[in-house]
1. Taking PRO86 as meeting all but one of (1) open to solvent by 10 Å² or more (accessible area, probe 1.4 Å); (2) modelled with pLDDT of 95 or more; (3) over 18 Å from ALA208 (Cβ atoms), write down the number of the exception.
2. Quick test for you: out of LEU402, LEU397, LEU437, pick the one residue that is surrounded by fewer than 24 Cβ atoms within 10 Å (Cβ to Cβ), within 14 Å of ligand 2 (Cβ to nearest atom) and part of a helix (DSSP H, G or I).
3. Restricting attention to the stretch 643-659, does a residue exist that is touching a Gly at 6+ places or on another chain (Cβ under 9 Å), under 18 Å from THR384 (Cα atoms) and open to solvent by less than 50 Å² (accessible area, probe 1.4 Å)?
4. Within the stretch 478-492, is even one residue away from ligand 2 (no atom under 16 Å from the Cβ), assigned to a helix (DSSP H, G or I) and farther than 22 Å from PRO562 by Cα?
5. Under the condition of being under 20 Å from ILE203 (Cα atoms) and more than 18 Å from the chain's Cα centre (by Cα), which residue from the stretch 220-257 is surrounded by the most Cβ atoms within 10 Å (Cβ to Cβ)?
6. Do you know which of the residues in the stretch 497-527 that are open to solvent by 10 Å² or more (accessible area, probe 1.4 Å), small (Gly, Ala, Ser) and not in a loop (DSSP other than H, G, I, E, B) is farthest from ligand 2 (Cβ to nearest atom)?
7. Go over the candidates ARG494, ARG432, ARG467 one by one and state the one that is open to solvent by 10 Å² or more (accessible area, probe 1.4 Å), within 15 Å of ligand 1 (Cβ to nearest atom) and over 18 Å from the mean Cα position of the chain (by Cα).
Amino acid sequence: MLSSKKDGGAAANSSNARSDGHPQDFSSLFSRLDHQRAITIKTTAIDGLLGRRYSDRVLRALSLFLLLVVACHRAATDHTAVTPGPVTPGPVAPGPVAMQSPPDPHSFARPDEVRVRHFGLQLEVDFDARTLTGVITLAVQRADKGAPLVLDTRALTIDSVEVAHAPAPIDASTARLATLDAPWQTAAWRMGTADADLGAALIIEMTADVDVVRVRYRTAPSASGLQWLTPAQTADGVAPFLYSQSQAIHARSWFPCQDSPGIRTSYDAEIRVPAPLRALMAADPIPDAPAGVAAFAMRQPIPAYLVALAVGHLEFAALGERTGVWAEPSVLPRAAHEFADIERMMLAIEGLYGPYRWGRYDVLVLPPAFPFGGMENPKLTFATPTIIAGDRSLVSLIAHELAHSWSGNLVTNATWADLWLNEGFTVYLERRIIEALFGRERADMDAVLGRQDLAEALGELAPDDQRLRLDLAGRDPDVGLSDVAYEKGALLLRAFEETYGRAVFDPVLLAWFDRHAFGSVTTVQFEAFVAEHLQDATPLPGRNAVDLSAWLDAPGVPTDAPVPKAEAFARIDAVIPQFVAGTVPAAALATDTWSAQQWLHFLRALPRDTELARLRALDTRFGLGTSGNIEILALWLEIGVRHGYRELDSALEQFLLTIGRRKFVVPLYRGLLDAGRGDDARRIFARARPGYHPITQGSLDALLGGG
Ligand code: BES
Ligand code: ZN
């Protein structure tokens, strides 16, 4: 398995914490492809991108071409009921309608034949049975009238499939398909062979005039994209909780869909939940819902991985005109205090890369079982409660998820092999936000810590997986998740920034977001864009042009890559040898002004053979084992495990039983294994596993041989 940012090494990522956070009890808790330029791209790279289905695809593409010629002849008389294309509020012009997508090895969908343009979801949430039962109604656009609709599914029970010709044209900007009345007729359908990573195709035959499809289905209690929590696993302990996590390919486990980031749809939804629970979706609420039902609409076209649902005992606090936070009542005040800077962050990034095009931006604080730090669900970021440090020291995570409103949600990687276009861009944007709000020093410290993370990842990954342009065909896309996409990606953008200066490079990035707004993009398109916008630009004095193909397709980082530096770390570097040698004792460390990043830098730099007595002295003096900053706490626990500092055992066990964030728990279990404590690891995991999200369970099953 690849090392993963989320699975993290010892890496504590992009933390901006101060050490004086309150100790916290976590237990309560695609588009215009420039063909001329594109053909200059190395064909070997394209082979890699297309992966093992290439020859298959070539044959299909040829037959598709013939079909398209026929279809174009018919086009003038063909009625398609769908009004396609993005709908954007406000003054911003809609982006390009996606051209033919590149092949996505992680989806069975054939969007070049039949493409879903809008869907309506009607779901009933059953906490006792841990299932969603419902109906999805899909409006399709058909380039090939002979081809079936192919949807992705995983562990769904299909109860019925019906097809119809919509009684009136469907306007994606107003459609309410969740309740569409149409002359429904039973359809012929079948399931494809199930694949362990991809699930199974749902193949639906459609006669010539069909343009809407309705599927009745149920989810499995084990749905990989849902976590069902008992009241005891929530902060307030009074109500159960449900949330979805669809990235990368888990949307298919809770609704049949064309589950590829290259395929965008708008949607509407009606969710029935037991009173007094509240349902939220990463969409706009529709006010006129019937009693007991929450209705939503997402009018901008988005990929399936950004469809999100949460249900729980949730309340709201406004932060600004267009910003706010949702959390359980006991968490809400702390959350509102922690995230007070969001509006300033929005203004900062809008100043650089153009207006926020999603209307509202809210954050939903989830229970601590959430397997990630944050997920950029549009309009509504889902976040772990573990970033509430009390002192706003971990808000770079919010900056990151907010930045995805440009890099990722507005302009989306077309396949998971292009993940760096989402995550690398976002880390770069995140640091621009941090710099704008808190100064260059803090952003530099994040960049240095990020470079350390990258070095560690490069030390562990096979050469092919050190490339920005990945080949993930035949592999679970979750394994492509490593610091290469995040930190090597961000470093590449920084290389452009340093080569041409911000006065040149900032407008190029702005143009990228404008050109591809509401579209999905490939690495090949990025190369074309760079060639178009930077080939006539002159590097600053002393700088060489960026060797883009080396960054994209060679392992490691180019020798002339930027080297992030932080003055604030130099002071730490000076004292570390003295502390390790014992000439400066813990009590004499001048830590009063240390930021959390400085602490992280210090702790990361402690040699493996640091004497136990020194660690004990640090803990006694600074209470690291009870740090309110979870990045520091988790790193300290890992250091403890690796050094046999057994006094931390109960804090470690408590941590593993309450926190499900994969980035933290995987390194801790790995630490136990490396320390020869496999029995302890498996004993704790046996207790903790039922509380973990299926994603965390899967990573740990692989590590610990459980399941
Ligand atoms: N989109 C990611 C989370 C993700 C990536 C989920 C791939 C599933 C598959 C999110 O924006 C992210 O990067 N979260 C990070 C935080 C960030 C500050 C690096 C996390 O969860 O740790
Ligand atoms: Zn991200």
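The values are calculated or read from the model by the stated rules, or taken from the named source; none is laboratory data. On a predicted model such as this, the values are computed, not experimentally measured, just so you know. As a convention, Cβ positions derive from the backbone with ideal geometry for all residues, glycine included, and neighbour counts pool all protein chains shown. Heavy atoms of the whole protein, side chains included, go into the accessibility calculation; ligands, DNA and RNA do not. Shrake-Rupley method; radii C 1.70, N 1.55, O 1.52, S 1.80 Å.
1. Unmet condition: (2).
2. Within the list LEU402, LEU397, LEU437, the selection yields LEU397.
3. So far as the stretch 643-659 goes, yes, one or more of its residues are touching a Gly at 6+ places or on another chain (Cβ under 9 Å), under 18 Å from THR384 (Cα atoms) and open to solvent by less than 50 Å² (accessible area, probe 1.4 Å).
4. Looking for residues that are away from ligand 2 (no atom under 16 Å from the Cβ), assigned to a helix (DSSP H, G or I) and farther than 22 Å from PRO562 by Cα, one finds at least one in the stretch 478-492, hence yes.
5. PHE255
6. Checking each candidate, the answer is ALA503.
7. Going through ARG494, ARG432, ARG467 in turn, the sole match is ARG432.
Listed here are the residues, each with its yes/no results for (1) closer than 17 Å to THR137 by Cβ; (2) of a type outside the set (Ser, Thr, Tyr); (3) in a loop (DSSP other than H, G, I, E, B).
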position	(1), (2), (3)
LEU242	no, yes, no
GLN247	no, yes, yes
PRO261	no, yes, yes
THR265	yes, no, no
VAL311	no, yes, no
